[in-house]
Amino acid sequence: MKVIAESSSTRTEWALVDGRKIVETAVTCGLNPYFQSRREISHNIRLELPEVFFRKRWEHVYYYGAGCANIEKCKIMESSLVAQFKTPITVESDLLGAARGLLVHDAGLACIIGTGTNSCLYDGSRITRHVRSLGYILGDEGGGSYIGKMFISDCLKGLAPADLTQSFYEEYNIRPDAVMDAVYTGSLAAVTLSAYSNFLAHNLDNEYVNNLIYEAFMKFFTRNIVSYDYRSTAVHIVGSTACKFREILIRAAADFGIEIKKIIPASMPGLVEYHATAPSE
């Protein structure tokens, strides 16, 4: 049996798999070697993952995670996983996990629109082209953190509708100064901003909210998709933000002449299929 894990900065989904059969599943906190040390990652895995995942030495652990885009960060994650599972480990980026989860062995254009965003061309096994995400400070256009950042900025500058701003402060029981503290002194600002974007999902009948989300998705397509041959390649998207604002996303894509073939909340079903049928498995 194998363990497959797929992690964003917000949550990690784990599956204990026997062929195509998922034997056990679990959800733990998000893991990211850009924001957490090897020790913190190991601590979170051991404390949050059910004991059934540690009962024996498994055939292999396949981990796909946010922040695992270079050798140094992959080594941090690998050493944390080896310490806990003591079994062969393969660490890959969350983008490759998204591509395999969306397309399995087919080729196509795969995207993440969750807390953050990313995109790539995939050949049925590996990524062949990739536009850099740049993270929540320099990029992540269209993601939950980006949408949350735009909304919070408008609230604090008095640009969002006053009644909407007041409703946000009351729902979250938070003051403007406390919002600034949460963003600038918290350890996971991207997750905090993305959580604030959840408020907008309950206010989609508000014209301001619709326009903000629409413009965020248009920015995603402009800065992440137009450099690919998107007019002849259907787009496949995984992520909570894409699902949450699905209708607005489809409208923005249509205005760009982009065909979205699939929008799904999670990569795990496709990853299970990929590892059950990959030639090297």
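The values are calculated or read from the model by the stated rules, or taken from the named source; none is laboratory data. This one's a predicted model, so the numbers in the text were calculated from it and none came from an experiment. Reconstructed Cβ throughout: ideal geometry from the backbone, glycine too, with neighbour counts over all protein chains shown. Ligands, DNA and RNA are excluded from the accessible area calculation, which covers all protein heavy atoms including side chains. Shrake-Rupley method; radii C 1.70, N 1.55, O 1.52, S 1.80 Å.
Observations, loosely collected:
- Burial ranking of peptide ranges 205-212, 18-25, 36-43, 104-111 (average Cβ count within 10 Å, highest at the top): 104-111, 36-43, 205-212, 18-25
- Note on the chain: percent of Cα-Cα distances in each 10 Å bin, starting at 0 and stopping at the bin with the largest distance, equals 7, 29, 33, 22, 8, 1.
- Comparing the stretch 215-265 with the 2.2 N^0.38 Å rule of thumb, its C-alpha radius of gyration ratio is 1.02 (two decimals).
- The stretch 140-156 and the stretch 193-214 have Cα centres lying 9 Å from one another.
- Cα gyration tensor, the stretch 178-281 - rounded (a/c under 1.5), prolate or oblate: oblate
- Accessible area (Å², 1.4 Å probe, nearest 10) - GLU51: 110
- The H on the amide N of CYS29, modeled in the peptide plane, is under 5 Å from the matching H of THR12, each at least 5 residues off or on a different chain.
- At q = 0.12, 0.15, 0.16, 0.22 Å⁻¹ the log10 of I(q)/I(0) for the stretch 127-210 amounts to -0.37, -0.55, -0.62, -1.07, computed by Debye summation with a single uniform scatterer per C-alpha, solvent ignored.
- Based on protein heavy atoms only, the stretch 26-115 ends up with 43 Å² per residue of surface accessible to a 1.4 Å probe.
- Measure of compaction for the stretch 167-235 (Cα Rg per 2.2 N^0.38 Å): 1.46
- Accessible area per residue, Å², the stretch 226-266 with all protein chains present, probe 1.4 Å: 50
- Helix axis angle, 176-185 relative to the chain longest principal axis, alpha carbon, degrees: 30
- Computed Rg/Rh of the stretch 61-207, alpha carbon atoms with Kirkwood Rh: 1.07
- With the Kirkwood sum run over all distinct C-alpha pairs, the stretch 43-114 has a hydrodynamic radius of 13.5 Å.
- GNM top mover of VAL52, VAL235, VAL131 - the chain, alpha-carbon springs below 10 Å: VAL52
- Percent carbon-and-sulfur accessible area, the chain, ignoring ligands, DNA and RNA, probe 1.4 Å: 50
- Placed amide H near ARG129: partners under 5 Å, 5+ positions off or other chain: LEU121
- Phi angles of the stretch 36-42 translate, via the Karplus equation with coefficients 6.51, -1.76, 1.60 and θ = phi - 60°, into HN-Hα couplings of 10, 7, 4, 5, 5, 4, 4 Hz per residue; Gly and Pro are given as x.
- Pairs of lysine residues in the chain - Cα separation under 24 Å, sequence separation of 8 or more or cross-chain: 21
- Comparing mean-square fluctuations of TYR63, TYR172, TYR228 from a GNM of the chain with C-alpha springs under 10 Å, the top value falls on TYR172.
- Inter-label distance, nm, simple model (7 Å from Cα along the C-beta direction), ARG129/ARG46: 4.6
- Under 5 Å, built H, 5+ apart or other chain: amide partners of GLY67: ASP94
- C-alpha center-to-center spacing [the stretch 253-271, the stretch 50-128] in angstrom: 19
- Backbone HN-Hα couplings from phi across the stretch 121-134 [Karplus 6.51/-1.76/1.60, Hz, Gly and Pro as x]: 9, 10, 9, x, 8, 10, 7, 9, 8, 8, 8, 4, 6, 6
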